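Structure record follows, encoded as structure tokens.
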Amino acid sequence: MNINKLAIALIVSFVHLSGALSLYSQWTVQRNGADANLRDVFASDTNTAWAVGTNGTILHTSDGGDSWSLQKSGGVEHFSSVKFANKETGWTVGTEGIVLKTTDRGLSWFKQQSYTREMLLDVEVIDSVNAWIVGDLIMNTTDGGYSWRHNSISNMSKTSPATSVCFIDRKHGWILRGVLVYRTTNNGGSWEEIGTGQTRTLSRICFVDSDHGWAVGDRATILKWGWIPGTRNIPGKWGWSNQGASDEGSNGFDVNMGFLDVYFSDTLTGWVVGGNSVCRVYNTTDGGESWELVFEGDASISPSSLRGVSLSSKWAGWAVGGNGLILRYAKNEATSVEIDETLVENESSEYFDLQGRKVLPSYGQIHIRRTGRNPRASLEMWLSP
């Protein structure tokens, strides 16, 4: 079959879909041999990820999680967060003010001077030279970590540590501390408090742009930042709206469950992880208007909650928790379409990608299989990580 004609056929068929669309996804447990409590994970692409946790644990995979290797951290500190600017350069932070950096995919990690022994809970990497760290204090670097500047934010509450930081570019960022979120639009030059109206402690925030963000926390709390439409008597405004459990009702969630991390790949598609008696993963494809339970642990999975989640795209990622638990997420898409007989030359059972090679590496391999005979041939297409 001519590959160019096949590509044309797919374009045509997607305009006139005649088959039913079927989506299916799965979270599967990956064994790694580590007994550490894993606190965070960062997915670089569909094959590459790092996970960090207690006792100096840094794990790395380059084959989609089929195998995980232990990278030497040089210490026994407990790591709480890991982020990468690219496949080479990344940071991890944790107890005793520890800040480690790598520039070679984690083959070696070296310590950077933070000039603190305070607890560091989250790191946000904007690019290879700009990063922010929060915890019992707040600091940032603009030179790749050769120097870390300690920041004093005058209007920020000091009653609890900052647990989460998120930047969408160098200028626009958010810090979560307790039930309060602080926003900067000038690279940390000044910070504005944007109250959540919550009494439940929040754990993590995630913004995909200035207009769309989420915060999660205790008692199945999910908040969304965005435009709240007005009514006939009340004008619209920017603010936080509840998408999870609240004092008014559970909204279908177990109110005894805490959410510990949140990740959105775009304004519509996101995941929250946490748990109570068992670990759970929830997914939304409509910006949080509805949430679906897509993974729930059982007796074979001992951790009661998941602590970190990261996806390289809406198609692939990982979540991590206690006792070395790593969950791999892979989403496949399958559909059958029909094409005109003039675009089909002959039968074939051959498997190949759209252009005779691997394409769209962030989404995985595209497979196409022709079934049926002229004059109406059916093509099946699906993705695999």
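The values are calculated or read from the model by the stated rules, or taken from the named source; none is laboratory data. Quick caveat: nothing in here was measured; it's all calculated off a predicted structure. Every residue, glycine as well, gets a Cβ built from its backbone with ideal geometry; the counts of neighbours run over all protein chains shown.
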* Asked: Looking at the stretch 244-262, which of its residues are surrounded by fewer than 22 Cβ atoms within 10 Å (Cβ to Cβ) and under 20 Å from the mean Cα position of the chain (by Cα)?
  -> Gly258
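For (1) surrounded by fewer than 18 Cβ atoms within 10 Å (Cβ to Cβ); (2) modelled with pLDDT of 95 or more; (3) among the polar types (S, T, N, Q), each residue gets a yes or a no:
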position	(1), (2), (3)
Arg31	yes, no, no
Ala36	no, no, no
Arg39	no, yes, no
Ile58	no, yes, no
Ser80	no, yes, yes
Lys87	yes, no, no
Lys101	no, yes, no
Leu107	yes, yes, no
Leu120	no, yes, no
* To do: Just one of (1) touching a strand residue (DSSP E or B) at 6+ places or on another chain (Cβ under 8 Å); (2) over 19 Å from Ala131 (Cβ atoms); (3) of a type in the set (Asp, Glu) trips up Asp40, so point out which.
  => (2)
* **Counted residues, the stretch 288-323 - those being at pLDDT 85 or above and either in contact with a helix residue (DSSP H, G or I) (Cβ under 8 Å, 6 or more places away or on another chain) or within 20 Å of Trp68 (Cβ to Cβ) (or both)** => 17
* Select the strands (runs of 3 or more DSSP E) contained entirely in the stretch 32-118, then report the ones holding at least 1 residues which are more than 22 Å from Asn140 (Cβ to Cβ). => 38-43, 49-53, 58-61
* Identify, from the list Val129, Val99, the residue that is closer than 27 Å to Asn55 by Cβ and of a type outside the set (S, T, N, Q). => Val99
* Asked: Just checking, how many residues over the stretch 194-214 are farther than 22 Å from Val255 by Cβ, out of contact with any strand residue (DSSP E or B) (no Cβ under 7 Å at 6 or more places or on another chain) and not charged (D, E, K, R)?
  -> 1
* Of these, Ser152, Ser164, Ser190, which one is modelled with pLDDT under 95, within 21 Å of Asp136 (Cβ to Cβ) and not β-branched (Val, Ile, Thr)? -> Ser152
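Those residues that are surrounded by fewer than 24 Cβ atoms within 10 Å (Cβ to Cβ) and either in contact (Cβ under 8 Å) with a residue 60 or more places away in the chain or over 15 Å from Gln243 (Cβ atoms) (or both), I need them from the stretch 284-301; list them, please. Working first, answer last.
Within the stretch 284-301, the subset surrounded by fewer than 24 Cβ atoms within 10 Å (Cβ to Cβ) is 284-287, 289-301.
Hits for the stretch 284-301 are Gly287, Trp291, Val294, Phe295, Glu296, Gly297, Asp298, Ala299, Ser300, Ile301.
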* To do: Filter the stretch 45-56 down to residues that are over 20 Å from Glu118 (Cβ atoms) and crowded, with 20+ Cβ neighbours inside 10 Å and give me whichever is modelled with the lowest pLDDT.
  => Thr46
* To do: Mind listing just one residue for me: the one in the stretch 168-200 that is without any contact (Cβ under 8 Å) to a residue 40 or more places away in the chain and among the hydroxyl-bearing types (Ser, Thr, Tyr) and, of those, surrounded by the fewest Cβ atoms within 10 Å (Cβ to Cβ)?
  => Thr199
* Exactly one condition in (1) of a type in the set (D, E, K, R); (2) in contact (Cβ under 8 Å) with a residue 40 or more places away in the chain; (3) not in a strand (DSSP E or B) is not met by Arg204; state its number. => (3)
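Name every residue in the stretch 43-86 that is aromatic (Phe, Trp, Tyr), more than 19 Å from Gly145 (Cα to Cα) and within 16 Å of the chain's Cα centre (by Cα), in order of residue number.
Answer for the stretch 43-86, where residues must be aromatic (Phe, Trp, Tyr), more than 19 Å from Gly145 (Cα to Cα) and within 16 Å of the chain's Cα centre (by Cα): just Trp50.
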